[in-house]
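A short worksheet on the structure shown next.
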Amino acid sequence: MSRIVLVSTTLVMALAVAGCETLTPVLPDSRTVETTGSISRPQSEEPILVYRPEIGLVRGTRPVLAGLGVPLQPEPGHNRALAACREAVQAEAGKLGAREVEAVSAGPERHNNRGQFVGPVRIRITYERLVGYEVREATVRCVVDQTGKLVGTV
């Protein structure tokens, strides 16, 4: 019994050190335990930590975690910004320990007043952390020039 308490205490301390604001046990009638309450966000935007048997401990928001295991679905429409945006995100996220980067078109491109193409791109990044993984997901609008070179985001 004392070994279980020791392991549980060690796990909770490791998760707290890893920056986890909310711990969600995986028992059927579990309750969310708040470890900090200084930031007020909608519940769907609060990062939580869950255990997934196929990959282990994963930290992310509820909507992001709900989509794990399912590839991002591209929206229809031509998007010239996708490839350049994906390459740039992979390069930068790789420097921060990204294990996987997934990027899909989030809709058709538009032209801006400079003749550049602005395309929405949905990105999911999985980072390897001290204890498990962290998954982040966002939609960015990438801007490319006529040659397809990334010139920025808006």
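Quick look at the values:
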{"read-out": "Flag if A98 is within 22 Å of V154 (Cα to Cα), surrounded by 13 or more Cβ atoms within 10 Å (Cβ to Cβ) and of a type in the set (A, V, I, L, M, F, W, C)", "value": "no"}
{"read-out": "Filter result for V135 (closer than 28 Å to Y51 by Cα and crowded, with 18+ Cβ neighbours inside 10 Å)", "value": "yes"}
{"read-out": "Exclusive hit being among the small types (G, A, S) and under 16 Å from the mean Cα position of the chain (by Cα), set A83, A103", "value": "A103"}
{"read-out": "Count of residues meeting criterion [in a loop (DSSP other than H, G, I, E, B) and more than 15 Å from A81 (Cβ to Cβ)] in the stretch 130-148", "value": "3"}
{"read-out": "Residue under evaluation V50, criteria (1) in a strand (DSSP E or B); (2) out of contact with any helix residue (DSSP H, G or I) (no Cβ under 7 Å at 6 or more places or on another chain), criterion not met", "value": "(2)"}
{"read-out": "Test: residue in the stretch 44-62 that is of a type in the set (D, E), assigned by TED's automatic domain parsing to the domain that holds G148, modelled with pLDDT of 50 or more and within 16 Å of the chain's Cα centre (by Cα)", "value": "no"}
{"read-out": "Residue, surrounded by the most Cβ atoms within 10 Å (Cβ to Cβ), within the stretch 67-95, restricted to residues that are part of a helix (DSSP H, G or I) and among the charged types (D, E, K, R)", "value": "R86"}
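The values are calculated or read from the model by the stated rules, or taken from the named source; none is laboratory data. Worth saying up front: this structure is predicted, and the values here are computed from it rather than measured. Backbone-built Cβ (ideal geometry, glycine too); neighbour counts: all protein chains shown.
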